[in-house]
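The values are calculated or read from the model by the stated rules, or taken from the named source; none is laboratory data. Here the structure is a predicted model, which is why all the values come from computation and not from measurement. Heads up, the Cβs are rebuilt from the backbone with ideal geometry, glycines too, and the neighbour counts pull from every protein chain shown.
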Amino acid sequence: MSSKRALITGVTGQDGAYLSKFLLDKGYEVHGLLRRSASADVIGTRLKWIGVAGQINLHDGNLTDLSGLIRVLQEVRPSEVYNLAAQSFVKSSWQQPLLTGTVTGLGAANMLEAVRIVCPEARFYQASSSEMYGLIQEPVQSEKTPFYPRSPYAAAKLYAHWMTVNYRESFGLHASSGILFNHESPLRGIEFVTRKITDGVARIKLGMQETLALGNMDAKRDWGHARDYVKAMWLMLQQETPDDYVVATGRTVSVRDFCKLAFEHVGLDMESHVTVDERYLRPAEVDVLLGDPAKAKDKLGWTAETTLEQLVAEMVEADLARLKQHEHL
């Protein structure tokens, strides 16, 4: 068996799929935590799309079940643990605040506790989020920028983030957090605005629909490619000393600009097809996020490799291909 053995929670999500492929290409034995649901027939769609479905060892488990996490860790004995699982759709966190807190917040604490009990020598990665900055306290956000969460999701992520710091300082765990700014890909869930845009553009181009309804068009985000960002996760766990890092491109654009790029890619005019629907507005908005990745560049040697224009083009092309083949993701 490989001496490099990783356990990934959230393995069937966007980041989990890209990280799985990245680690497999590096010779890791990859294990994934699988939350059972009635939609088991489609739960591995992303892993199949990226071509790694049969190469990952899947284990039944749930972040809310500490005893189950302990049993999985005892069986796998990983050298690296990547905690990517969460209730990660920000808008839903207002409708499900307790679930979000339990899974996204306490779930991370459960995973940390299980690692402390079973394999304290393992290196731990926590998926922190730029949403923690919320009502931004500085125009450019770094590791030292104060947090101001503006959603139940962000508050839960902040709890998980500080618990990771606490376990590092209290128990000496090699526990690092990546404060990842928005990162997208063809594997992004359809409920997220970027994928909603590229899927909508593809449908309009193919004559399957005429309009695309969106929420706040003026919100600005720092968007990168998930494929680039999972490399940063791995690099954090290769460092001698654990730490926290902002992972971002250092460029922010509005939802409107992202949308415009997608429509321009297929030769269409955005203004002729986009409408604003108040149902998609958040109760408390995060107006702008812009990350400073200087520390990641200096300490990890990491920089984003994919431009926003390349990202949008890749996502639109993938959705066009899916729709032509009647595939869903």
Which one of T194, T164, T145, T241 is out of contact with any helix residue (DSSP H, G or I) (no Cβ under 7 Å at 6 or more places or on another chain), of a type in the set (S, T, N, Q) and modelled with pLDDT of 95 or more?
T241
Pairs needed: first member in segment 129-143, touching a residue at least 24 places away in the same chain (Cβ under 8 Å) and under 21 Å from M233 (Cα atoms); second member anywhere, among the polar types (S, T, N, Q) and part of a helix (DSSP H, G or I); C-beta distance under 8 Å; at least 6 residues apart or different chains.
Q141/S130
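I need the full set of residues from segment 175-195 which are buried (at least 20 other Cβ atoms within 10 Å of the Cβ) and of a type outside the set (G, A, S), in order please.
I179, L180, F181, N182, H183, E184, P186, L187, R188, V193, T194, R195 - these are the residues of segment 175-195 that are buried (at least 20 other Cβ atoms within 10 Å of the Cβ) and of a type outside the set (G, A, S).
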Selection within segment 268-293 - in contact (Cβ under 8 Å) with a residue 12 or more places away in the chain, surrounded by fewer than 16 Cβ atoms within 10 Å (Cβ to Cβ) and not charged (D, E, K, R)
L268, T275, V276, Y280, L281, P283, A284
Of the residues in segment 230-279, those that are hydroxyl-bearing (S, T, Y) and part of a loop (DSSP other than H, G, I, E, B) number 3
Only one of these is part of a helix (DSSP H, G or I) and over 11 Å from G10 (Cα atoms): T100, T64. Name it.
T100
Selection count, segment 294-316, where residues are outside any loop (DSSP other than H, G, I, E, B), surrounded by 14 or more Cβ atoms within 10 Å (Cβ to Cβ) and either in contact with a strand residue (DSSP E or B) (Cβ under 8 Å, 6 or more places away or on another chain) or touching a residue at least 24 places away in the same chain (Cβ under 8 Å) (or both):
12
